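The values are calculated or read from the model by the stated rules, or taken from the named source; none is laboratory data. Just so you know, these numbers come straight off a predicted model, no measurement behind them. Here the Cβ is made from the backbone with ideal geometry for all residues, glycine too, and neighbour counts use every protein chain on show.
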Amino acid sequence: MNSVGSINLSYFIVTIISLGTFFFICSFIPIEALKKEGTLLKDYDNLKKLVDDIKNGNLIDDKISLNDFKGSGAYQDADKNIQGCINLAAKIGHNLRDDELVHCFDDANYFKDRYPNVSAPQNKVPQRKSQAEQNVTQANVTQKVPEPETELKQSVPQTNASLNAPETNASLNAPETNASLNAPETNASQEVSKGKIALNVTVAKDPITPGESQVVTAVASDPVTGKTLDHVFIKLTIKDPIGIILKNYTATEGSVTRSFKIGYNAVGKFTILATASQAGIESKRSLPFHVQ
């Protein structure tokens, strides 16, 4: 009898130790954004391919670590202005979102224009280039001109002075530039300052007959003036009555219209989920329509 109790106690202890080991190991496994086919975010070598997958709904991640993303080929092969835009977006929101990568790819000055008083952190990530290219880049950035070129600079003072003068950086940060950026701008920048986006979703037919084409329209606007906003990331998701996603649409303008055909055997309540986001501000709406 004592032997049976001892065996049962041993099994209990082994089970507890196994479960503890399992949860301990799982706590160290990083969770990364996955594409539908299983591709890790860091595996992208091309920013355009990454942006295309985001726009097509193949990759969704609202909390991207900037430090992790800097190690990807998509970031390192991007233009320096786009890298600066991504750095600034991460600084403003403390994390990156997929739609912010789309904004920076479409317009490298997107966040700089909207937050002129916030400076992007310096990029300390080495670019994936050859040693020779790195030396040339470093020479241009630090403006360490070789000695023969220095002599040429002395012989043509005005030409080289204009190329190496500190006015270049000063002009980028001059008060006049910030003043113009702080001046009243488009509806998009005013909308961000209010922290609200008015999102309206409509369909052409409700109810609608199986086999017909349905038209859905989403408009992101200023809640005060009613004007359609610019540079807004809009995502539309169409779900059937049991929740299966039938369509995913994205756009980067304030008004988007899409058409899709209803299946001949489809009957019931379909749902449209719409999201509009801009500079960290997000608005969501859902709209049902009936097929009968």
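Observations on the model:
- Test: residue in the stretch 44-52 that is farther than 20 Å from GLY280 by Cα, at pLDDT 70 or above, assigned to a helix (DSSP H, G or I) and of a type in the set (Lys, Arg): yes
- Highlighted here are the helices (runs of 4 or more DSSP H) found entirely within the stretch 63-104 that include at least 2 residues which are over 24 Å from GLY254 (Cβ atoms) and either aromatic (Phe, Trp, Tyr) or modelled with pLDDT under 85 (or both): 66-70.
- In the stretch 254-267, the residues that are under 13 Å from GLN292 (Cβ atoms) reach residues that are of a type in the set (S, T, N, Q) with C-beta atoms within less than 9 angstrom, at least six apart or across chains, in these pairs: ILE262/THR209; ILE262/SER213; ILE262/GLN214; VAL267/GLN292.
- Residue match in the stretch 16-27 (condition: hydroxyl-bearing (Ser, Thr, Tyr), part of a helix (DSSP H, G or I) and modelled with pLDDT under 85): yes
- Test: residue in the stretch 223-239 that is surrounded by 15 or more Cβ atoms within 10 Å (Cβ to Cβ), farther than 19 Å from ILE60 by Cα and free of Cβ contacts under 8 Å to residues at least 40 places away in the same chain: no
- Complete set of residues in the stretch 77-108 that are surrounded by fewer than 18 Cβ atoms within 10 Å (Cβ to Cβ) and polar (S, T, N, Q): ASN81, ASN95
- Consider the stretch 249-272 and keep the residues that are hydrophobic (A, V, I, L, M, F, W, C) and farther than 18 Å from ILE208 by Cα. The one that is farthest from the chain's Cα centre (by Cα) is VAL256.
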